[in-house]
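One structure is given below, encoded as structure tokens.
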Amino acid sequence: MADLPDLYLIADMAPDLVAALEQRFTVHRGDPPATTRAICGGGSSVVDAALIERLPALEIIAINGVGYDGVDLDAAKARGIRVTNTPDVLTDDVADLAIGLWLAVERRIAANDTIVRGGGWNVPLARRASGRKIGIFGLGRIGQAIARRAESFGGDVLYTARSEKPVAWPFVPDIAALADVCDVLILAAPGGADTREIVDAAVLKKLGPGGVLINVARGSLVDQLALVAALVSGDIAGAGIDVFADEPEVPDLLKTMSQVVLSPHQGSATVETRGAMAALVLANLDAHLAGKPLPSAVL
Ligand code: 8YV
């Protein structure tokens, strides 16, 4: 049998996906050989210019996630390296989790669960979720799926994004203005330089003491120290957080807060969606090896 091409695996993947990769490639987890033709990583993986430079035979970077903010696209483009991601298949699951986190924060679902498991029954009153003003930051596929779900709760839905979209929801020019008018600020924008720590102390202050922050995007969008401080001081009411600045590290203070719901980066983590994502990663790699058009190319 001819030698299989070399692939550098830089994130943990489901055993089925790893097995499928191993049928097609010699998979390297440690030091990748100079003959490496493909990298497979997750949404939080870093493929920087230094790594790209170390791999002269690199042809394709296949990301098992919709976000590719860890990939240096300029460096890849300069070398003609293809980059693929897994859009669409995870949209509904990420949107579902955003709504779930929001409801869990407002209705104390996680906090009450802990109390009942500890033998308790009497719990503080929660806050109504229906009728709230929901502000969505980032109105791509996931932001729109969140907006569609959010509007069924009878409140207003507003958004801000790089540009105004042809949608019925009102556009607000920037995130500070959005935080000022909404009760719930849901982050659904890509990570990267443009959005780094865009939710800072000033934005949180505008969200206000009744406000809730939900983040299913990237931890990099939030100044995490400022978020912890705002939760401690009561500058905001609560938060539902699926993504963190330095995963898997979670600030200890957050773990003590009953007004916070914590989730270990689970937006796309359903059996159905992870299966569909894996299939798309393999379809992209197979198409590349066969010299065919890539199903979901970023570059
Ligand atoms: C995944 C993600 O958890 O799609 C993304 O951008 O961050 C998540 O879907 C991750 O990519 C799994 O590797």
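Figure legend. Inter-residue proximity from the range 266-293: first residues closer than 15 Å to Ala19 by Cβ, second residues part of a helix (DSSP H, G or I) and within 13 Å of the ligand (Cβ to nearest atom), beta-carbon distance below 7 Å, spacing 6+ or different chains. Indicated pairs: Ala278/Leu17; Val281/Leu17. Quick one: in the range 175-197, of everything that is over 17 Å from Gly67 (Cα atoms) and small (Gly, Ala, Ser), which residue is surrounded by the fewest Cβ atoms within 10 Å (Cβ to Cβ)? Here the residue is Ala177.
Can you find even one residue in the range 142-155 that is of a type in the set (Ser, Thr, Tyr), under 17 Å from Val261 (Cβ atoms) and open to solvent by 20 Å² or more (accessible area, probe 1.4 Å)?
no
Identify, please: which residue in the range 267-293 is part of a loop (DSSP other than H, G, I, E, B) and within 13 Å of the ligand (Cβ to nearest atom) and is, among those, nearest to Ala62 (Cα to Cα)? Across the range 267-293, the extreme among qualifying residues is Ser268.
Scoring Ile10 on the criteria (1) in contact with a Leu (Cβ under 9 Å, 6 or more places away or on another chain); (2) among the hydrophobic types (A, V, I, L, M, F, W, C); (3) more than 15 Å from the ligand (Cβ to nearest atom) leaves a single failure, condition (3). Among the criteria (1) within 20 Å of Gly100 (Cβ to Cβ); (2) open to solvent by 50 Å² or more (accessible area, probe 1.4 Å), the one Asp200 does not fulfil is (1).
Enumerate the pairs (first residue in the range 171-188 and under 20 Å from Gly131 (Cα atoms); second residue anywhere and part of a helix (DSSP H, G or I) and open to solvent by 60 Å² or more (accessible area, probe 1.4 Å)) with beta-carbon separation below 6 Å, excluding pairs fewer than 6 apart on the same chain, so at least 6 apart or on different chains. These pairs meet every condition: Ala179/Lys206; Asp180/Lys206.
Considered as a group, the residues in the range 241-266 that are more than 16 Å from the ligand (Cβ to nearest atom) and within 21 Å of Ala188 (Cβ to Cβ) include one that is nearest to the chain's Cα centre (by Cα), and that residue is Val261. Filter the range 35-49 down to residues that are at pLDDT 95 or above and open to solvent by 60 Å² or more (accessible area, probe 1.4 Å) and give me whichever is nearest to the ligand (Cβ to nearest atom). If we take residues in the range 35-49 being at pLDDT 95 or above and open to solvent by 60 Å² or more (accessible area, probe 1.4 Å), then Val46 is nearest to the ligand (Cβ to nearest atom). Restrict the check to the range 143-152 and report whether at least one residue is part of a loop (DSSP other than H, G, I, E, B), hydrophobic (A, V, I, L, M, F, W, C) and free of Cβ contacts under 8 Å to residues at least 60 places away in the same chain. So far as the range 143-152 goes, no, none of its residues is part of a loop (DSSP other than H, G, I, E, B), hydrophobic (A, V, I, L, M, F, W, C) and free of Cβ contacts under 8 Å to residues at least 60 places away in the same chain. Could you tell me whether the range 8-28 includes any residue that is open to solvent by 50 Å² or more (accessible area, probe 1.4 Å), modelled with pLDDT under 95 and polar (S, T, N, Q)? No, the range 8-28 contains no residue that is open to solvent by 50 Å² or more (accessible area, probe 1.4 Å), modelled with pLDDT under 95 and polar (S, T, N, Q).
State whether one or more residues within the range 76-83 are more than 23 Å from Val261 (Cβ to Cβ) and within 16 Å of the ligand (Cβ to nearest atom).
Looking through the range 76-83, at least one residue is more than 23 Å from Val261 (Cβ to Cβ) and within 16 Å of the ligand (Cβ to nearest atom).
Inspect the range 3-26 for any residue being in a helix (DSSP H, G or I) and in contact with a Pro (Cβ under 8 Å, 6 or more places away or on another chain) and give the result as yes or no. Yes - at least one qualifying residue is present in the range 3-26. Restricting attention to the range 271-294, does a residue exist that is crowded, with 18+ Cβ neighbours inside 10 Å, closer than 21 Å to Arg196 by Cα and of a type outside the set (Asp, Glu)? No - not one qualifying residue is present in the range 271-294.
The values are calculated or read from the model by the stated rules, or taken from the named source; none is laboratory data. Model, not experiment: these values are computed from the prediction. Neighbour counts run over all protein chains shown; Cβ positions are idealised from the backbone, glycine included. Each accessible area value is taken on the protein alone, full model and side chains, heavy atoms only, with ligands, DNA and RNA left out. Shrake-Rupley method; radii C 1.70, N 1.55, O 1.52, S 1.80 Å.
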